[in-house]
1. Working only within region 11-24, note down all residues that are surrounded by 14 or more Cβ atoms within 10 Å (Cβ to Cβ) and assigned to a loop (DSSP other than H, G, I, E, B).
2. Among the residues of region 26-41 satisfying the criterion of being surrounded by 14 or more Cβ atoms within 10 Å (Cβ to Cβ) and outside any helix (DSSP H, G or I), which is modelled with the highest pLDDT?
3. Only residues that are assigned to a helix (DSSP H, G or I) and either of a type in the set (Ser, Thr, Tyr) or at positive phi (or both): list them for region 44-63, please.
4. Do you know which of the residues in region 64-84 that are of a type in the set (A, V, I, L, M, F, W, C) and part of a strand (DSSP E or B) is surrounded by the most Cβ atoms within 10 Å (Cβ to Cβ)?
5. Considering only residues that are within 19 Å of residue 86 (Cβ to Cβ) and either surrounded by fewer than 16 Cβ atoms within 10 Å (Cβ to Cβ) or modelled with pLDDT under 95 (or both), which ones fall in region 42-63?
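The values are calculated or read from the model by the stated rules, or taken from the named source; none is laboratory data. Because the structure is a prediction, the values reported are computed rather than measured. Using ideal geometry, Cβ is built from the backbone for each residue, glycine included, and neighbour counts are taken over all protein chains shown.
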Amino acid sequence: MGAIKTDQFTTTQLSFARTAKAIGHPARIAIVQTLYRQIYSSNLELSAITKLSETTVHQHLQELLRAGLISGCYHGKFHYYRMTDQMRKQIESLTGIFEEDVK
């Protein structure tokens with residue numbers, strides 16, 4: 001099996017690829033869209049928006065958390081999620097990646 005040659009790609013390209021892999025499911029894209037528009041959302045709210053079970057939404061949230069794209073905190077007995085500043089910046093500069101020269 002061949003080695004992965006990441007040194008031939010820019011930091012921006014590698015970062016975008018990691019983000020794209022983490023949001024590579026329509027449910028995770030819907031979650032990210034919601035969190036982009038709202039400051040915080042609970043698992044219950046995201047379940048209602050996506051029309052998926054709370055368990056399924058929780059699994060998608062765990063994937064986004066592992067990738068560092070969202071963060072979570074407890075408020076009372078509910079867990080709320082928000083988009084990280086890093087993810088927000090990546091989304092806001094998304095069009096810029098397609099304007100860059102290829103290395």
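1. Listed by number, the list holds a single entry, 23.
2. So the residue we want is 41.
3. Of region 44-63, the ones assigned to a helix (DSSP H, G or I) are 44-50, 54-63.
Hits for region 44-63 are 47, 50, 55, 56.
4. To start, the set of residues in region 64-84 that are of a type in the set (A, V, I, L, M, F, W, C) comprises 64-65, 67, 69-70, 73, 78, 83.
When the remaining residues are screened for being part of a strand (DSSP E or B), the result is 70, 73, 78, 83.
Details: 70: 22, 73: 10, 78: 12, 83: 24.
Ranking the qualifying residues of region 64-84, first place goes to 83.
5. Our first condition is that a residue be within 19 Å of residue 86 (Cβ to Cβ); within region 42-63, this holds for 60-63.
If the condition is that a residue be within 19 Å of residue 86 (Cβ to Cβ) and either surrounded by fewer than 16 Cβ atoms within 10 Å (Cβ to Cβ) or modelled with pLDDT under 95 (or both), then 62, 63 are the ones that fit.
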